[in-house]
Amino acid sequence: MTDDHRHRTSLQVRFRDIDAFGHVNNAVFFSYVELARIRYLLDVLEPDTGFDRLPLILARVELDFRSPIEFGEDVVVGSRVDRIGRTSFAMSHRMTAGIDDRLVGDVQTVLVTYDYSTARPMPVPDDWRRRMTDHEGRGLDTATTAATVAAATT
């Protein structure tokens, strides 16, 4: 796994994760990524109120399956924030498994910061922007990210 996914969550495959075909069920991949995403948010944002008070909604998730995961294998989910917009941020997760550390899944997610009292999106808190940017070690604002991509393609 490359260092561009600085945050890593290690998981053990449980027997209940296995389906009738002898590998980890596709729905369980999402559970693994969910745990990694929550772990990233707790570790990087260090919320005072705990996870149950983070004003977030998962708005999008896309998973490309690359290889099956077998019972007894360890899984590592590398997580990173790719960009931060006004009311949302995008994350990517790279899943590897086994002693050969083979790629088993690539995942893209978008989370919306959400004010539950008004039932509307809210701006990403400045403290979150700072903490995620510091952790990732690069600019994450949508305008900065778009300018970097445009410069690389010209």
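Which far-off residues, 5 or more places away or on another chain, put their amide H under 5 Å from the one on D82, with H placed in the peptide plane?
A90, M91, S92
For the chain, what is the relative contact order in percent, using Cα pairs closer than 8 Å and at least 6 residues apart in sequence?
After rounding, I find 25 percent.
Once the Cβ-Cβ distance between D126 and I99 is put in as r, and R0 is 41 Å, what FRET efficiency do you end up with, to the nearest 0.05?
In this case the efficiency is close to 0.45.
Starting at 0 and stepping by 5 Å, how many percent of the alpha carbon pairs of the chain end up in each bin?
Cα pair-distance distribution for the chain, in percent: 2, 9, 17, 20, 18, 14, 11, 6, 3, 0.
Residue-wise, which Karplus ³J(HN,Hα) couplings in Hz belong to the range 135-140, taking 6.51 cos²θ - 1.76 cosθ + 1.60, θ = phi - 60°, and x for glycine or proline?
5, 6, x, 7, x, 10
Which residues' amide hydrogens lie under 5 Å from the amide hydrogen of E73, considering only partners 5 or more residues apart or on another chain, with H built in the peptide plane?
Distant-sequence amide H within range of E73: V13.
Work out how much length F71 to I38 would gain on full extension: take 0.36 nm times their residue separation and subtract the Cα-Cα distance, in nm to one decimal.
In short, 9.5 nm is gained.
Please compute the length gained on full extension between S31 and S10, using 0.36 nm multiplied by the number of residues separating them and subtracting their Cα-Cα distance.
6.3 nm
How much length is gained if the chain between L45 and F21 is pulled fully straight, taking 0.36 nm per residue apart and subtracting their Cα-Cα distance, in nm to one decimal? List each step's numbers first, then the result.
Numbers: separation 24, 0.36 × 24 = 8.64 nm, distance 3.87 nm.
Answer, rounded to one decimal: 4.8 nm.
With angles folded into 0 to 90 degrees, how steeply does helix 26-45 sit against the dominant principal axis of the chain? Use alpha carbons for both and round to 10.
Roughly 40 degrees, rounded to the nearest 10.
As a footprinting exposure proxy, order L111, L54, L35 by other Cβ within 10 Å, with the fewest listed first.
L35, L54, L111
Quick one: of the DSSP bridges fully inside the range 7-153, what percent are antiparallel, nearest 5?
Roughly 95 percent of the DSSP beta bridges within the range 7-153 come out antiparallel.
Here, each number is a calculation from the coordinates, and none is a lab measurement. Everything numeric here is computed off the predicted structure, so don't read it as measured data. All Cβ positions, even for glycine, are placed from backbone atoms using ideal geometry, and neighbour counts span all protein chains on display.
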